[in-house]
Amino acid sequence: MRTVELVCCPQLEAAVRAGWDRLAAAGLPSLARNTHPTNRPHLTLAAVDEFPPGARRRLAALVGRALPLPVRLDRIAVLDGSAPLVWLLRPEPALTALHEAVWDVLAGADGQRPWHAPGRWVPHLSLALRFRAADRRLARAVVGVDRPAGEFVAARSYDGATRTVGLLGSAWS
């Protein structure tokens, strides 16, 4: 599997990691417990089995033009399916346009994950996996009511086979 992910500026990353830490301290599920070196707050735009030929170059050009991309976090929610606890994002037009453009680049790629498709995608930063909806109210109290803002400043791709990430582009490239 290959992903296209946006990475947060240091201030926004710190705010999300603080939420992870508060969840863990309260004894709730939290991504703070995932110690893999690739674990960091990110927004997944797409996931496919493999990038088509030329896609990496086209994706790098897209994100190079789009970044930095302002973002504001919204409410805490539990999503359907695997029941992750997430911090929803306000889907600003520039983010939605980038998401759709990424999907255009990956059109026809094998193994497209349908939950990332335009029209179905719910932009969010994950806080915990396999979260019980019954603990949502407590999680909101623990994480806090702040709705931090920041920017996405880089894009990366996670390679599920090697469990590594590679930079696709950044606001500084």
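The values are calculated or read from the model by the stated rules, or taken from the named source; none is laboratory data. Treat the numbers as computed from the prediction; the structure is a model and nothing was measured. Cβ: placed from backbone, ideal geometry, glycine included. Neighbour counts: every protein chain shown. Just so you know, the surface numbers come from the protein's heavy atoms only, side chains and all, with ligands and any DNA or RNA stripped out. Shrake-Rupley method; radii C 1.70, N 1.55, O 1.52, S 1.80 Å.
General observations
- The stretch 1-40, residues that are open to solvent by 30 Å² or more (accessible area, probe 1.4 Å) and touching a strand residue (DSSP E or B) at 6+ places or on another chain (Cβ under 6 Å): 1, 2, 11, 29
- Extreme residue, farthest from residue 13 (Cα to Cα), among residues of the stretch 158-173 that are among the hydroxyl-bearing types (Ser, Thr, Tyr) and either free of Cβ contacts under 8 Å to residues at least 60 places away in the same chain or open to solvent by less than 80 Å² (accessible area, probe 1.4 Å) (or both): 162
- Tallying residues that are touching a Leu at 6+ places or on another chain (Cβ under 9 Å), part of a loop (DSSP other than H, G, I, E, B), surrounded by fewer than 17 Cβ atoms within 10 Å (Cβ to Cβ) and modelled with pLDDT of 90 or more within the stretch 41-81 yields 1.
- Criterion violated by residue 71 - all others in (1) under 25 Å from residue 129 (Cα atoms); (2) without any contact (Cβ under 8 Å) to a residue 60 or more places away in the chain satisfied: (2)
- Residue check for residue 79: in contact (Cβ under 8 Å) with a residue 40 or more places away in the chain and over 29 Å from residue 29 (Cα atoms): no
- Unique match (being more than 27 Å from residue 28 (Cα to Cα), part of a helix (DSSP H, G or I) and open to solvent by less than 70 Å² (accessible area, probe 1.4 Å)) among 101, 109, 155: 101
- Residues that are exposed (fewer than 14 other Cβ atoms within 10 Å of the Cβ), β-branched (Val, Ile, Thr) and either modelled with pLDDT of 90 or more or touching a Leu at 6+ places or on another chain (Cβ under 7 Å) (or both) within the stretch 112-152 comprise just one, 122.
- Pairs with Cβ under 6 Å, 6+ apart, first in the stretch 126-153 and free of Cβ contacts under 8 Å to residues at least 60 places away in the same chain, second part of a strand (DSSP E or B): 133/78
- Residue match in the stretch 84-92 (condition: of a type in the set (Lys, Arg), open to solvent by less than 80 Å² (accessible area, probe 1.4 Å) and within 30 Å of residue 134 (Cα to Cα)): no
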